[in-house]
Amino acid sequence: MAMACVFCRILRGEAAGTFVHRGRSCVAFMDIQPVNAGHVLIVPTRHVADFGGLADAEGAELMRLARQVAVALRGSGLRCEGVNLLLADGEAAGQEVFHVHLHVIPRFAGDGFGFRFGPTYARPPSRAELEHTAERIRAALDPWDGVG
Ligand SMILES: [Zn+2]
């Protein structure tokens with residue numbers, strides 16, 4: 001655990017946190033600046049800054065808990081017509097707390113939240129460009145890293 005990390009401080013009970021679930025490897029607590037009421041963060045109990053630093057089992061538990069919270073949101077009576085999962089990995093992606101966290105965000109029509117696309121979005125790549133890009137990713141995938 002990192003001493004200064006706000007999520008580690010919440011996990012240690014040194015900072016306030018409103019939990020909806022405490023598991024061995026992952027917990028779920030309320031985001032203090034929710035996009036909509038019911039916005040929950042799924043957080044590994046081990047301090048891991050980067051998404052890629054999660055163990056496979058932690059990643060699986062993170063997603064399992066997110067799925068359960070998404071189902072709970074829909075059954076909670078809170079306004080929830082849909083759910084977004086959002087994980088910001090790295091500063092350029094909008095990560096502000098460098099302890100992995102997956103946002104589970106209840107959504108409803110007209111809630112005002114959304115994604116803003118950059119200029120390249122309006123100019124989709126050719127199939128050849130997609131193949132070239134995919135080849136770079138395939139070459140970088142570690143075949144011994146559990147990629148099935
Ligand atoms: Zn931490």
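Quick grid of which residues meet (1) under 27 Å from CYS8 (Cβ atoms); (2) within 16 Å of the ligand (Cβ to nearest atom); (3) outside any loop (DSSP other than H, G, I, E, B); (4) among the aliphatic types (A, V, I, L, M):
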position	(1), (2), (3), (4)
LEU78	no, no, no, yes
LEU85	yes, no, yes, yes
ALA88	yes, yes, no, yes
ILE105	yes, no, yes, yes
ASP111	no, no, no, no
GLY114	no, no, no, no
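Select from region 2-57 the residues that are of a type in the set (Val, Ile, Thr) and buried (at least 16 other Cβ atoms within 10 Å of the Cβ) and list them in ascending order. Residues satisfying the conditions are VAL6, ILE10, VAL20, VAL27, VAL35, VAL40, ILE42, VAL43, THR45, VAL48. Restricted to region 27-43, and to residues there that are assigned to a strand (DSSP E or B) and more than 16 Å from the ligand (Cβ to nearest atom), the residue that is farthest from ARG79 (Cα to Cα) is MET30. Residue count for region 7-26 under the criterion of being within 10 Å of the ligand (Cβ to nearest atom) and over 11 Å from LEU41 (Cβ atoms): the result is 4. Within region 58-79, is even one residue surrounded by 15 or more Cβ atoms within 10 Å (Cβ to Cβ), in contact with a Cys (Cβ under 7 Å, 6 or more places away or on another chain) and in contact (Cβ under 8 Å) with a residue 40 or more places away in the chain? Yes, region 58-79 contains at least one residue that is surrounded by 15 or more Cβ atoms within 10 Å (Cβ to Cβ), in contact with a Cys (Cβ under 7 Å, 6 or more places away or on another chain) and in contact (Cβ under 8 Å) with a residue 40 or more places away in the chain.
Give the residues of region 49-76 that are closer than 20 Å to PRO34 by Cα and within 16 Å of the ligand (Cβ to nearest atom), sorted by residue number. Result: LEU62, single match.
Taking each residue of region 90-111 that is free of Cβ contacts under 8 Å to residues at least 12 places away in the same chain and looking for partners that are assigned to a loop (DSSP other than H, G, I, E, B) with beta-carbon atoms closer than 6 Å, six or more apart or interchain, yields GLY94/ALA88; GLN95/ALA88.
Throughout, read-outs are computed from the coordinates displayed, never taken from laboratory work. Please read these numbers as outputs of a predicted model, since none were measured by experiment. Neighbour counts run over all protein chains shown; Cβ positions are idealised from the backbone, glycine included.
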